[in-house]
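J.: Here it is, the structure, as structure tokens.
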Amino acid sequence: MFELREVWFSYGRETVLKGINLKLKEGERVVLLGGNGCGKSTLLKLMDGLLFAEKGKVLWKGRELTPSGLRKMEEEFRRSVALLFQDVEVMLFNPTVEDEIAFGPRQLNLQDVEERVKKWGNKLGIKPLFKRSPAELSIGEKKKVALASVLVLEPEVLLLDEPLSNLDPRSTGEVIDLLWELHITTVVATQNLSLAAELGERAVLLSEEHRIIYDGDFEGLFLNRDLLLQANLLHLHRHRHGRLLHSHFHPHDWE
Amino acid sequence: MKETVAFVFFLSFVFFLALSKDWRLFLAVVFLALPFVRLKRLFALLILLVVVSLPYLFFHPSGLSPWGWMLMFNLRAMAMALSSAAFFSFVNLLKALSFSRTLRALFSLSYAQFSSYKRTYGSFYSALRSRTLRKRLGRSFFPYAGAVFSYFYRLSEKRAGEMNQALRSRGFYV
Ligand SMILES: Nc1ncnc2c1ncn2[C@@H]1O[C@H](COP(=O)(O)OP(=O)(O)OP(=O)(O)O)[C@@H](O)[C@H]1O
Ligand SMILES: [Mg+2]
């Protein structure tokens, strides 16, 4: 489905991705892990054809994503690949939630827009918000609206940037279940180590040096404490129970 | 559809106003529109007009009295602005623009940008309030204003870039 070959990317002088190699098979669920600023969001934007590799290649179905290459197949590509932005506010600008969810399908001339909108509104439990303006919603509600407006496209590949942050425990569980119900290729970026294993089968770990330092199953990852420390996903935590001093590693599992 | 027709009529009316030189017409329009416009908006408009017309005292077409010219100019601007405000209190602009998905998206985009600024400014201000002890901002207002300005500049740069990416991702440029 996707293939990244020796991809390098920088914002100005700052190189944020160094020699990334990644191959994505159809139906695979990859979880992209890494600390703040390691380049997860950037990698997703490269895969969504919003940024372009400086060195190396990003291939989608064997076709290279370059500005000119993408222009020729933009409609097909946008229907097939969808990205949930980390800052969902940048995605929301329609007058009502209902319009917001319908925006993508209308732009891409999909069929049965109304039905789709209803279906995904129900699945995410945001039907009661349909007539409200996305601008006035709470952060978690915004996240659900943005998620609905991405899922409504029913794409072949879903790129999700921190889809679970700001969701309450019940919604978190529901969204995880929903993602498993869909049999599509997904790449989820997160720094939440405790939920990561619930989001996919394959873990890809980005280090602070912007390189992939692990690519494999979760068992292997969890056994490798040094790697997790190196990627800033664990820290040494000390606390007391009365006179007893505890010291252990634990994950960053909050936002 | 109804809204679109009304919108087209209204646009031609505004063009007509812009070309007209009849102060009686302007006055009539202003008085007709006045009841439909909120007081706050009226004040903002008046202040804006005063500020905008000051330079015209010095740079007016020669041979005309600056006052008469300014009055005409302001009356016309009032007539256009007030009738627009009145018109849009009846007609939903988004519905009026429904004939073009591009126009509609552009309009809601700028509206979203504006309301996001308003909210950011609100939280910025309350954050400042919660971090300063005195009730009144007093002298700390000026560095604050500077900070707000440069922050908003950066924010708009980054936001605009990401909003554009989000639009592209959702098929706006297809
Ligand atoms: N538009 C931009 N301009 C300049 N630098 C940027 C821009 N976007 C990101 N960066 C920088 O690139 C680096 C990687 O950013 P990115 O958003 O990809 O990280 P991330 O892994 O998603 O982090 P987080 O977990 O905090 O979301 C960061 O150091 C960031 O400061
Ligand atoms: Mg990120």
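J.: Fewest to most neighbouring Cβ within 10 Å: what's the order for B:Met163, B:Met70?
T.: Lowest count first: B:Met70, B:Met163.
J.: Taking the Cα centre of each part, how many Å lie between region A:15-67 and region A:190-241?
T.: When both Cα centres are located, 19 Å separates them.
J.: Take peptide A:83-92, look around each residue's Cβ out to 10 angstrom, count Cβ atoms belonging to other protein chains, and average those counts.
T.: 5
J.: Less than 13 Å Cβ to Cβ from A:Ser41, Lys/Arg counted +1 and Asp/Glu -1: what total charge do the surrounding residues give?
T.: That sum, taken over residues with Cβ under 13 Å, equals -2.
J.: Which residue fluctuates most in the GNM of chain A (Cα springs below 10 Å): A:Arg211, A:Arg225, A:Arg79?
T.: A:Arg225
J.: Compute the convex hull volume of the Cα atoms of region A:72-163, divide it by the residue count, and report the result per residue in Å³ as a whole number.
T.: It comes to 92 Å³ per residue, whole-number rounded.
J.: Please compute the alpha carbon radius of gyration of chain A, then divide it by the globular-protein estimate 2.2 N^0.38 Å. Two decimals is fine.
T.: 1.05
J.: Expected output is a single nm value to one decimal: the length gained when fully extending between A:Asp87 and A:His248, i.e. 0.36 nm times separation in residues minus the C-alpha distance. What is it?
T.: Value of the extension gain: 54.7 nm.
J.: Restricting things to alpha carbons, find the Rg to Rh ratio for region B:2-95 using the Kirkwood radius for Rh.
T.: Dividing the radius of gyration by the Kirkwood radius yields 1.01.
J.: For region B:2-95, what does the relative contact order come out to in percent, with C-alpha contacts under 8 Å and a separation of six or more?
T.: Normalised by residue count, the contact order of region B:2-95 is 50 percent.
J.: Ok, one more. How many partner chain Cβ atoms sit within 10 Å of a residue's Cβ in peptide B:159-166, on average, as a whole number?
T.: 6
J.: Would you mind ranking A:Asp226, A:Asp48 by Cβ crowding within 10 Å, fewest neighbours first?
T.: With the sparsest Cβ surroundings first, the list reads A:Asp226, A:Asp48.
J.: Something else now. Ranking A:Phe249, B:Phe26 by Cβ neighbours within 10 Å, fewest first, what do you get?
T.: Result, fewest neighbours first: A:Phe249, B:Phe26.
Read the figures in this text as sums done on the coordinates, not as results from a lab. The structure displayed is predicted, hence computed values, not measured ones. Glycine also receives a Cβ, built like all others from the backbone with ideal geometry; neighbour counts cover every protein chain displayed.
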